[in-house]
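The values are calculated or read from the model by the stated rules, or taken from the named source; none is laboratory data. None of the values given here were measured: they were computed from a predicted structure. Here the Cβ is made from the backbone with ideal geometry for all residues, glycine too, and neighbour counts use every protein chain on show.
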Amino acid sequence: MNGRGAPRHPSAPCRVWICALAALALVGGCSPRSAEPVPPGYPDSYGAIVAAAEKEGGVVVWSSVDHDKAARLLADFRSMYPLVRLTYKELPAQELDRQFHAAADHHQQSADILWSSAMDLQIKLVNDGYSARYTSPEKPAVPDWANWKDEAWGITAEPIVMIYNRRLLPDAQAPRNHAQLTEMLEAKPARLDGRIASYDVTRSAVGYLYFTQDRQASPAVWQLIRAMGANHLRGFATAEEILRDVAAGHALVGYNIIGSYALEESLHHPDIGVILPSDYTLIMSRIVMIPKAAAHPNGARLFLDYLLSPRGQQQIKAMGMAPVRADVAPPAGLDTAGRPTLAIEVGPPLLAGQDRLTHDLLIKRWQRTLAGP
């Protein structure tokens, strides 16, 4: 996972995955079958979008989601629209944003869909005028917080969790909310000294994003940061490093991890315990947008609608991510029903973190608070 929360090693090269179903020479000389009928509940006019997408012949998706994780979803989309060739390019979130800007600056074709966990970078693209507006037929099922101007769409609703090493910290002693974690750290037991892991927000953009959201949720976050500093916080740039540190037992507790990553890690390392904080749980979303300069705008509309549809959201769930739709249940272990939640709004509030003066001031205060008196 990289500093934006994407499940990739920072040094791993991007991979391009292409399924050219429409171009295959099929056995027996048969032609590829046409798309499935217009989805239930969609207007009859939607058939024109499908026909236009087939005429365009493809759709190019750039995503920070690991291809292997998304493979079943991609195969399902291809089965629905076999005449729309799907090209999937996997990139770390920050590199995705960099390459998109580079292509735009040189008036080069890039992606028809940008799908990224870098919420703030996606919203900045929308704010800077790079996105196309499209009202999806699935809009009524999308929470208001997950849609900005019909240009940025949150397709997941993933809790941000705490993790702990169950072998070294018994379940009964693990903190269940932010206040309990603060109290535990303020007691300064020797076993926690140098054994609390989280992001170094000076090196991690996603860590900084979650820190700003914690700050909005509760002024007590500064007390927690002070307690982390008193216990010599182990600061990392990526969620992957935090998960690995806790799994190895170097840290007892890890703070502010995307729930889907934590849950997946717990399947490989049963010693990892996952906690959805009971006082408030932040909810993040992976944001999808269609660039104005998309070469295949109708193919992009099909892909976005698929991601937001019950069928696509079931595939999102199968990937271990919590769907944004309320009518598709989240994976076991990530259900926030009955818990106070704070969704990170897909919209202008995310731009505050992009303001350089605000960023620098918060970073300086974070450093002072962590250092203590």
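Miscellaneous remarks
- Within the range 78-99, the set of residues being closer than 30 Å to V38 by Cβ, assigned to a helix (DSSP H, G or I) and in contact (Cβ under 8 Å) with a residue 60 or more places away in the chain comprises M80 only.
- The lone exception for V346 - which of (1) in contact (Cβ under 8 Å) with a residue 60 or more places away in the chain; (2) not small (G, A, S); (3) not in a loop (DSSP other than H, G, I, E, B) it fails: (3)
- One residue stands out in the range 213-246 among those that are among the polar types (S, T, N, Q) and within 25 Å of the chain's Cα centre (by Cα): the one that is surrounded by the fewest Cβ atoms within 10 Å (Cβ to Cβ), namely Q216.
- Test: residue in the range 182-199 that is closer than 27 Å to P323 by Cβ and touching a Pro at 6+ places or on another chain (Cβ under 7 Å): no
For every residue, the table says whether it meets (1) surrounded by 24 or more Cβ atoms within 10 Å (Cβ to Cβ); (2) within 30 Å of A102 (Cα to Cα).
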residue: I287; (1), (2): yes, yes
residue: N298; (1), (2): no, yes
residue: R301; (1), (2): yes, yes
residue: D305; (1), (2): no, yes
residue: L308; (1), (2): yes, yes
residue: R311; (1), (2): no, no
residue: P323; (1), (2): yes, no
residue: A332; (1), (2): no, no
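- Any hit, the range 352-361, residues being outside any helix (DSSP H, G or I) and at negative phi: yes
- The range 331-355, residues that are touching a helix residue (DSSP H, G or I) at 6+ places or on another chain (Cβ under 7 Å) and over 20 Å from A217 (Cβ atoms): P331, G333
- Selection status of A146, modelled with pLDDT of 95 or more, within 20 Å of the chain's Cα centre (by Cα) and farther than 26 Å from A352 by Cα: no
- Residue selected from the range 183-201 under the condition part of a loop (DSSP other than H, G, I, E, B) and more than 20 Å from the chain's Cα centre (by Cα), by the criterion surrounded by the most Cβ atoms within 10 Å (Cβ to Cβ): R195
- Residue count for the range 120-133, restricted to those that are modelled with pLDDT of 95 or more, part of a helix (DSSP H, G or I) and hydrophobic (A, V, I, L, M, F, W, C): 3
Listed here are the residues, each with its yes/no results for (1) in contact (Cβ under 8 Å) with a residue 40 or more places away in the chain; (2) within 25 Å of A337 (Cβ to Cβ); (3) among the hydroxyl-bearing types (S, T, Y).
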position	(1), (2), (3)
R166	yes, yes, no
P170	no, no, no
V206	yes, no, no
P219	no, no, no
L233	yes, no, no
E240	yes, no, no
S260	yes, yes, yes
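- Any hit, the range 16-37, residues being exposed (fewer than 13 other Cβ atoms within 10 Å of the Cβ) and modelled with pLDDT of 95 or more: no
- Scanning the range 100-146 for residues that are of a type in the set (D, E, K, R), buried (at least 19 other Cβ atoms within 10 Å of the Cβ) and over 16 Å from V324 (Cβ atoms) yields D112, D120.
- Test: A343 is surrounded by fewer than 17 Cβ atoms within 10 Å (Cβ to Cβ) and under 24 Å from P143 (Cα atoms): no
- Residue match in the range 324-334 (condition: in contact (Cβ under 8 Å) with a residue 60 or more places away in the chain and within 21 Å of Q122 (Cβ to Cβ)): yes
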